[in-house]
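Quick note: the coordinates plus some simple rules give every number you see, no bench work behind them. All of these numbers come straight from a predicted model, not from anything done at the bench. Because the Cβ atoms are built from the backbone with ideal geometry, glycine has one as well, and the counts that use them run over all protein chains shown.
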Amino acid sequence: MKFDNKKATILQSFKSKKFKYGSYATLMTIFVIAALIIVNLVADLIPVRMDLTWNKMYSLSDQTHDVLDNLQDDIMIHFIGEQGSADQIISEIVQRYTSYSNRISTDYIDPVRDPITAQKFTKDGEQLADGSLVVERGDVYRIISQYDLYNFSQSSTGSLQIESLAVEQRLTSAILYVSGAEMPVAYQLEGHGEAPLDFSITDQMELENFDLKSLNLLGLGTVPEDADLLIINAPVRDLSEDETKVLKEYLENQGRAIFLMSLLREDLPNFQSVFRSYGVQLTNSLVIEGEQGSYIGGNPLYLLPVVGDHAIVKPIKDNSLPLFLPIAQAIEEADTVRNTVTIEPLLTTSGKAFARHAASEETSPEKQEEDLTGPFATAVAIEDSIYNLVDNETNLTRLVVIGSSEFLNTGWEGATNLFMNSLNWIFEREESISIRPKSLTLQPLNIATPQLRIYSALALIVIPLGCLIMGLAVWLRRRNL
């Protein structure tokens, strides 16, 4: 009898509401788990990858897609090291190349196990280092060191730290190189006490396929025919009359040049004559920033400029790359500007900045009556577009003038970008401007006060209250079962 009662009780429990609800919850849990497993299995089979990083670290730019679309030959990217030893981030980015173009393929070269193959890419006793990449087309190749795949900066303690990822920049440049793309010839002017370009800059120019040469105009009647652009970096002496004539003739004949002009106590009238031909002039005055937050290190001579929207500086602005100008001079428009000339500011100061003549003996940090009133441009891009009726074409001259050369020695990422972007824009190679390093630094989340109040209310009041109400509702419902 007792056994029959227990049996009846058990059978009755299967018919109860608690059992029905429990069975339903169990089945739903099993169904959700099974669905998740199936979705994951199917997702692994779909060759679609989404880049959800804030700076699109794994995504390729439109410019890289254009390069890959125009490939005529097969290109091999070799990972140096043991099979599967490549850095996961670098491997993921390289995979984007192979996924987009069937002209790109990859493999591994282990210098230890296969020294004969590795020897093909070494010379003068050099060794292929693990972690490097080799981009190859036929007999042409370029080695990308593992250290060139990242950009480094110096911390406050003096140690090096990774600042940004330069994989796409280096790879696309190497693909262009092995594909036989044009290498512009850049001549660096000498003979006026110009400062040499830092190794990091010349190395970057080589990586971006610029051929750098030296040029002394003294005794020359013309700029070499193979010159695609000129670099004038921090001259301390003026041009001669003959050199001025040669430089003006070069620029008038669709010439290209970048001028990095350090502040000097003495003016350089022949250089000024060249600048005035294109609607600008140097004030030969030291810019002093008067607005808090527009300079760094408590030094109003170390400017944090306002970055414009020109193609040269837009990547710097969009990616919040660090940039400051130490010891800069103001650039202003000349009294007369031809209607064929377009002048666009790249970097400007705040409205509270003022400029003091380089020869002034005044030492006060406050603005004096004779000081110039800001805001000022400290870097400009200039185009002179003249229609040639005889040849039915437009002759284009491009210049970039920056009122500081010391910014290149700061080691800040924005400085290198400003210089390289200027070279690429001058040469009309704008596609290389947008292929910039991807920052690896954490970006602060800027939240306005009204937003902060809303989010605080949601986190502290609305969400806890909602959970409490839902919990009470479930408890009351189960209590009545």
Per the helix-only calculation at 222 nm, which mean residue ellipticity applies to the chain, given -39500 (n - 2.57) for every DSSP H run of n ≥ 4 and division by its residues, nearest 500 deg cm²/dmol?
-10000 deg cm²/dmol
Report, to the nearest 10°, how far helix 241-252 tilts away from the longest principal axis of the Cα atoms in the chain, using its own Cα long axis and a range of 0 to 90°.
40 degrees
Interatomic Cα distance distribution for the range 292-433, bins of 10 angstrom, percent:
11, 38, 31, 15, 5, 1
Given H placed on each backbone N at 1.01 Å, which residues far from Leu286 in sequence or on other chains put an amide H within less than 5 Å of it?
Arg356, His357, Ala358
Reduced to Cα centres, the span from the range 390-427 to the range 451-469 in Å works out to 51 Å
Could you list, bin by bin from short to long, the percent of Cα-Cα pairs of the chain in 20 Å steps?
18, 41, 25, 11, 4, 1, 0
Relative contact order %, the range 185-428, counting alpha carbon pairs below 8 Å whose residues are six or more apart
21 percent
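Take the chain, mark every one of the GluC sites (Glu not before Pro) that falls in a DSSP loop and has at most 16 other Cβ within 10 Å, then report the longest stretch left between them, sites excluded.
No qualifying site falls inside 1-81, the longest such stretch.
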Towards the positive end of the charge dipole of the chain, with charges on Cβ (+1 Lys, Arg; -1 Asp, Glu), say which of Ile38, Ile343, Phe275 has the farthest Cα.
Ile38
Please determine, in degrees from 0 to 90 and to the nearest 10, the orientation of helix 88-100 with respect to the longest principal axis defined by the Cα atoms of the chain, where the helix direction is its Cα long axis.
80 degrees
Using the Cα centre of the range 54-183 as the reference point, and only Cβ charges (+1 on K/R, -1 on D/E), how large is the resulting charge dipole? Debye, rounded to the nearest 20.
80 debye
What whole-number distance in Å separates the alpha-carbon centres of the range 80-119 and the range 262-329?
43 Å
P(r) of the range 54-183 in 5 Å steps, Cα pairs, percent per bin?
2, 10, 20, 22, 19, 14, 8, 4, 1, 0
Which value results when the Cα radius of gyration for the range 220-350 is divided by 2.2 N^0.38 Å?
1.17
Per-q log10 I(q)/I(0), the range 134-281, q = 0.11, 0.21 Å⁻¹ (Debye; single scatterer per alpha-carbon; no solvent)
-0.57, -1.23
Report, to the nearest 10°, how far helix 17-45 tilts away from the longest principal axis of the Cα atoms in the chain, using its own Cα long axis and a range of 0 to 90°.
40 degrees
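Starting from the Cα coordinates of the range 185-428, work out the convex hull volume and express it per residue in Å³.
Dividing the Cα hull volume of the range 185-428 by its residues yields 132 Å³.
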